[in-house]
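Worksheet for the structure shown next.
What follows draws every value from the coordinates through simple rules; no lab data is involved. Since the model is a prediction, treat every value here as computed from it, not as a measurement. Reconstructed Cβ throughout: ideal geometry from the backbone, glycine too, with neighbour counts over all protein chains shown.
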Amino acid sequence: MSFGRPPSLSSSGFTATPPDRGSFPLDHYGECKGYMIRYLECLKTNGSTSTPCRVLSKDYLDCRMNRGLMERDDWKNLGMGNLDASQNASATNTEDTGQSNER
C-alpha cells in the first residue's frame, strides 16, 4: 500500500481509456479558432439564435474533424444533414487556417 496516491493509480496496471463519445480534445494550437470566433460573433449578432449560424457551426465541426480534434461522423448524426455545400458560403471566404479575410 502506498501513501499519497489513490489505489486506482497503483503500479498494478493503470490503463488510459479513450474519452466518451461527445467529448473531444481542446484546440490547444488554435487551429480552428477562426471558425469558432465567427460562430460566436454570429450568435451575438443574432441574439443567441443558432439557426442563422448553422453553416458556421458546420464549418467549425468540419475543421475539427479534418484536424483530428474529433472523430469524423456523418453530418446527419450531428444534426446537420440538411445543410449542403451550396449553403456553405463562409468556407469560400476563408483560408484553410480558419482565419477570416479582411473585408
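If packing is taken as the mean number of other Cβ atoms within 10 Å per residue, what is the order of 52-65, 27-40, highest first? Before the final figure, lay out each step's value.
Working: 52-65: 19.6, 27-40: 16.9.
Going by the mean number of other Cβ atoms within 10 Å, highest first, we get 52-65, 27-40.
Give, in nm to one decimal, the length gained when the segment between residue 46 and residue 72 is fully stretched (0.36 nm per residue of separation minus the Cα-Cα distance). Could you put the intermediate results ahead of the total?
Working: separation 26, 0.36 × 26 = 9.36 nm, distance 2.86 nm.
Difference between extended and current length: 6.5 nm.
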